[in-house]
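Have a look at the structure below, then the notes.
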Amino acid sequence: MSKFESSIKQIPYPQQAVYRNISGLENLERVRDRIPTDKVQDFHFDHDSVSISVAPVGEITLRIVDRDEPKCVKFEAEKSPVPLTLWIQVLPVTESTSKMKLTVEASLNPFIKGMVARPLQDGLEKIADALALIPYE
């Protein structure tokens with residue numbers, strides 16, 4: 001298994017508010033207009049899953065498989081070019097602020113890892129940046 005981690009992002013909202021929003025994917029509706037349509041197409045979601053098409057990768061579907069309130073939401077890929085798991089961890093900093101980190105574990109052979117490690121790390125960082133900018137009130 002190969003492991004990729006985002007940098008830690010500071011969130012100006014309490015842990016519980018952040019968790020509440022990331023544990024119910026229907027909340028993505030509020031940020032739909034911020035998703036770059038030139039990079040992401042066919043964006044669909046419900047309470048437990050999200051699907052997107054990303055060039056050149058294709059369609060990716062992630063489903064929530066575990067909610068550990070208020071600190072972690074775990075996703076597994078249902079539809080992905082490689083098997084992967086994603087965790088979004090949220091920890092309190094103060095009563096009104098928190099921090100977030102994303103982690104991906106993927107089954108990558110050495111050849112594939114060499115090709116996708118950099119784009120996967122960059123994509124993970126962009127997702128973390130986007131999640132840090134969401135208004136979680």
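Derivation of every value follows stated rules applied to the coordinates shown; laboratory data play no part. In this text the structure is predicted, and so the values were computed from the model without any measurement. With ideal geometry, Cβ positions are generated from the backbone for all residues, glycine too; neighbour counts draw on all protein chains shown.
So for the chain, averaging the separation of alpha carbon pairs under 8 Å that are six or more residues apart and normalising by length, what relative contact order in percent results? Write out the running numbers ahead of the final one.
Values: 253 pairs, mean separation 44.7, N = 137.
Answer for the chain is 33 percent.
Which FRET efficiency, nearest 0.05, do Asp48 and Gln16 yield, Cβ-Cβ r, R0 25 Å? Working shown, then result.
Working: r = 20 Å, r/R0 = 0.79.
The value I calculate is 0.80.
Work the Kirkwood hydrodynamic radius out for the stretch 89-130: mean of 1/r over every pair of different alpha-carbon atoms, inverted, in Å. All intermediate terms of the calculation are to be shown ahead of the outcome.
Numbers: mean 1/r = 0.0825 Å⁻¹.
Hydrodynamic radius (Kirkwood, Cα only) of the stretch 89-130 equals 12.1 Å.
5 Å is the cut-off here: which amide hydrogens, built 1.01 Å from N in the peptide plane, fall below it relative to Glu59, excluding neighbours closer than 5 in sequence?
Val54
Quick check on my link table: of Lys71/Lys113; Lys3/Lys113; Lys3/Lys99, which ones sit more than 18 Å apart, alpha carbon to alpha carbon?
On the way: Lys71/Lys113 29 Å; Lys3/Lys113 11 Å; Lys3/Lys99 20 Å.
From the list (Lys71/Lys113; Lys3/Lys113; Lys3/Lys99), the Cα-Cα distance tops 18 Å for Lys71/Lys113; Lys3/Lys99.
When you take every Cα atom in the chain, what is the radius of gyration, and what is Dmax, the widest Cα pair distance, in Å?
When restricted to the Cα atoms of the chain, Rg and Dmax are 14.6, 45 Å.
Taking the Cα centre of the chain as the origin, how large is its charge dipole in debye, to the nearest 20, when only Lys and Arg (+1) and Asp and Glu (-1) carry charge on their Cβ atoms? Before the final figure, lay out each step's value.
Values: 17 positive and 20 negative charges, 81 e Å.
The calculation lands at about 380 debye.
Quick one: length gained pulling Glu95 to Asp129 fully straight, 0.36 nm per residue minus the C-alpha distance? The partial results should precede the final answer.
On the way: separation 34, 0.36 × 34 = 12.24 nm, distance 2.17 nm.
Result: 10.1 nm gained on full extension.
Please give me the summed charge of the neighbours of Ala117: other residues whose Cβ is under 14 Å from its Cβ, Lys and Arg +1, Asp and Glu -1.
-1
Let me check I've understood the local charge: for Tyr13, count other residues with C-beta under 13 angstrom from its C-beta, Lys and Arg +1, Asp and Glu -1. What total comes out?
Working: positive: Lys9, Arg20, Lys99; negative: Glu95, Glu137.
Within the 13 Å Cβ shell, the charges total +1.
With θ set to phi - 60° and the Karplus curve 6.51 cos²θ - 1.76 cosθ + 1.60, what are the ³J(HN,Hα) couplings of the stretch 23-30 in order, to the nearest whole Hz, using x for Gly and Pro?
Residue by residue, the stretch 23-30 yields 8, x, 5, 4, 5, 5, 4, 5 Hz.
Please name which of Pro81, Gln16, Pro110 has its Cα lying farthest along the dipole of the chain towards the positive end, using unit charges on Cβ (Lys, Arg +1; Asp, Glu -1) and the Cα centre as origin.
Working it through, the farthest residue towards the positive pole turns out to be Pro110.
Could you work out [θ]222 nm for the chain from helices alone, using -39500 (n - 2.57) per DSSP H run of at least four and dividing by all its residues? Round to the nearest 500 deg cm²/dmol.
Details: 2 runs with 32 residues, N = 137.
Dividing the helical sum by the residues of the chain leaves -7500 deg cm²/dmol.
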